[in-house]
Amino acid sequence: SKLPPDVAQRYCLLLDPMLATGGSAIKAIDVLLQHGVNPGRIVFVNLVASPEGLLAIHKKFPTVQVVTATIDEGLDDKKYIVPGLGDFGCRYFGTDK
């Protein structure tokens with residue numbers, strides 16, 4: 001990972017448009033913790049979250065703050081947020097057709 005040498009002394013914002021299962025967010029938080037960042041200085045910021053993803057982060061990292069614009073109903077059988085935005089990456093890069 002390419003983090004600043006003084007990352008342990010900083011506040012860290014993790015930005016991700018969608019929070020589905022929480023797996024990617026948890027991995028990113030783990031990387032910051034391995035580099036000495038205090039979990040109370042980590043803020044996860046996203047647009048759309050599922051209750052499942054929020055619970056997963058809170059269970060593992062109760063002091064990490066999460067800021068989201070909206071909480072959707074949940075996940076479907078493919079672990080996509082419903083109603084959600086669809087595949088944000090494909091939509092953003094125009095590859096959803």
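If I go through segment 45-81 residue by residue, how many of them are under 20 Å from Gln9 (Cα atoms) and crowded, with 18+ Cβ neighbours inside 10 Å?
The total comes to 3.
From the list Ala20, Ala8, Ala56, Ala25, which residue is in contact with an Asp or Glu (Cβ under 7 Å, 6 or more places away or on another chain) and small (Gly, Ala, Ser)?
Values: Ala20 fails: in contact with an Asp or Glu (Cβ under 7 Å, 6 or more places away or on another chain); Ala8 fails: in contact with an Asp or Glu (Cβ under 7 Å, 6 or more places away or on another chain); Ala56 fails: in contact with an Asp or Glu (Cβ under 7 Å, 6 or more places away or on another chain).
Of Ala20, Ala8, Ala56, Ala25, the one residue that is in contact with an Asp or Glu (Cβ under 7 Å, 6 or more places away or on another chain) and small (Gly, Ala, Ser) is Ala25.
Say we look at segment 1-44 and pick out the residues that are acidic (Asp, Glu) and out of contact with any strand residue (DSSP E or B) (no Cβ under 6 Å at 6 or more places or on another chain); which of these is surrounded by the most Cβ atoms within 10 Å (Cβ to Cβ)?
Out of the qualifying residues, it is Asp30.
Which residue pairs have Cβ atoms under 6 Å apart, sit 6 or more places apart or on different chains, and have a first residue in segment 1-30 that is of a type in the set (A, V, I, L, M, F, W, C) and a second that is loosely packed, with under 12 Cβ neighbours inside 10 Å?
Correct list of pairs: Ala8/Gly36.
Every residue in segment 34-63 that is more than 11 Å from Gly22 (Cβ to Cβ), in contact (Cβ under 8 Å) with a residue 24 or more places away in the chain, assigned to a loop (DSSP other than H, G, I, E, B) and under 15 Å from the mean Cα position of the chain (by Cα), please.
The one that is more than 11 Å from Gly22 (Cβ to Cβ), in contact (Cβ under 8 Å) with a residue 24 or more places away in the chain, assigned to a loop (DSSP other than H, G, I, E, B) and under 15 Å from the mean Cα position of the chain (by Cα): Thr63.
Here, each number is a calculation from the coordinates, and none is a lab measurement. These numbers come from a predicted model, not from an experiment. Cβ: placed from backbone, ideal geometry, glycine included. Neighbour counts: every protein chain shown.
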